[in-house]
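A short reminder: the numbers here are calculations on the coordinates, not readings from a lab. Given the structure is predicted, the values throughout are model-derived calculations rather than measurements. Cβ placement follows ideal geometry from the backbone for every residue including glycine, while neighbour counts extend to all protein chains displayed.
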Amino acid sequence: MRELALHILDIVTNSIEAQASRIIIAVDESVRDNRLRIRIKDNGRGMSQELIDRVLDPFVTTRTTRPVGMGLSLLLQAATDCEGGLKISSALGRGTLVDVHFKLNSLNRMPLGEIGATLSNLCIASPDIHFYYRHSTDSGRFVFDSFWLLAQMAARNCMLYTLAGESEQRIREGVLAISSVA
Amino acid sequence: MKTLADLREIREKAKREMAQREQTARYRIVVAMGTCGIAAGARSVMSAILDELNKRHITDTVVTQTGCLGYCDQEPLVQVMQPDQTTITYGKVTPEVARAVVSEHIVNHKIITNHVFLQK
Ligand SMILES: Nc1ncnc2c1ncn2[C@@H]1O[C@H](COP(=O)(O)OP(=O)(O)O)[C@@H](O)[C@H]1O
Ligand SMILES: [Mg+2]
């Protein structure tokens, strides 16, 4: 993958497949700590300790359509390439937290990329799920809540996809205003 | 400034509205967003579909995403679930093909046969 935003889309898709109804995505940039941290938290079905132990191995998946999983191990690889790491905390029936971090100024670190497209598409394609995005940096904080899209749809009486370009731009500009990785 | 009750009301209204659209939708477009799909460009495919639906003011179609469908070498995959409950799966979909799926399949009810990967 060429963008962290594509990895985020991939990891959030795991949460959707795990029947989550609420997904929180938090990005924290700290120049002082020279660290970029991304946390994705859901209230889906969760993972057993045994699965967590195995899941960062690229040859593990619970799906039956093919023998290997790779989304999480790919992200772990991207993190270790940048002197970072990845941790999964989960409880069955409660939810899962994927916590990944990178050395901010590592030459191998991917750019954040089109986070606006990632979030906008996620919210529009899964309107029953409550998505909450929070991005913090040394210079400020930007928040996007999927409820904004629903409220706009209800107020303007339009289709959700009428709002795709607008929400994408809103997120892109909000993040650009505070971020050094976008 | 809206009160919490106002917000709750808007959310409920939006939920009812979405449920209604799900009920009356004739077509359902599903984009596969597994790791292979994303790596092959599924996000741009989704953006192209949303943009084309909007440009054409289409209101009888819902768009959703799913995970891996198990045909990684055919990604990006797009499924069109038709009014008669059959499903057409398009493979190796580019943003251009995705726009054609809307303009041909959804608008003109014509399957783009040379991009069909599965039909059932
Ligand atoms: N958020 C989550 N909630 C529950 N289970 C998860 C979650 N994320 C991953 N898993 C489990 O871990 C497995 C591996 O995930 P991943 O590396 O993304 O590969 P894949 O999704 O292709 O199987 C999944 O098949 C799933 O069983
Ligand atoms: Mg996955």
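Quick notes
- FRET E, pair B:Ala5, B:Asp60, Förster distance 51 Å, beta-carbon r, rounded to 0.05: 0.95
- Cβ-placed point charges (K, R +1; D, E -1), dipole of the protein assembly as shown about Cα centre in debye, nearest 20: 440
- Mean sequence separation of contacting Cα pairs (under 8 Å, at least six apart), scaled by the length of chain A, corresponds to a relative contact order of 25 percent.
- Among A:Asp99, A:Asp53, A:Asp81: highest mean-square fluctuation, GNM of chain A, C-alpha pairs under 10 Å: A:Asp53
- Compared with the dominant Cα axis of chain B, that is its longest principal axis, helix B:42-55 is turned about 60°.
- Three-way shape label, segment B:26-119, alpha-carbon gyration tensor, a/c 1.5: prolate
- Taking chain B, the Cys residues with no second Cys beta-carbon under 4.7 angstrom are B:Cys68.
- Helix axis angle, B:4-24 relative to chain B longest principal axis, alpha carbon, degrees: 40
- For chain B, relative contact order (Cα pairs under 8 Å, six or more residues apart, normalised by length) works out to 27 percent.
- Of all DSSP beta bridges confined to segment B:26-119, the antiparallel ones make up roughly 65%.
- Taking all Cα pairs closer than 8 Å and separated by 6 or more residues, the relative contact order of segment A:82-142 comes to 22 percent.
- Packing rank of B:42-54, A:16-28, where each peptide gets the mean count of other beta carbons within 10 Å, highest leading: B:42-54, A:16-28
- Total formal charge among the other residues, if their Cβ is under 14 angstrom from that of A:Gln19, Lys/Arg +1 and Asp/Glu -1: 0
- Share antiparallel - DSSP beta bridges, the protein assembly as shown, percent rounded to 5: 75
- Extension gain (nm, one decimal) between A:Gln19 and A:Arg141, 0.36 nm per residue minus Cα-Cα: 41.0 nm
- In this simple spin-label model, placing a label point 7 Å from the Cα along the Cα-to-Cβ direction at both A:Ser106 and A:Arg2 gives a separation of 2.1 nm.
- Dividing the summed helix terms, -39500 (n - 2.57) for each DSSP H run of n ≥ 4, by the number of residues in the protein assembly as shown produces a 222 nm estimate of -11000 deg cm²/dmol to the nearest 500.
- Shape of the protein assembly as shown, Cα gyration tensor, a/c cut at 1.5: oblate
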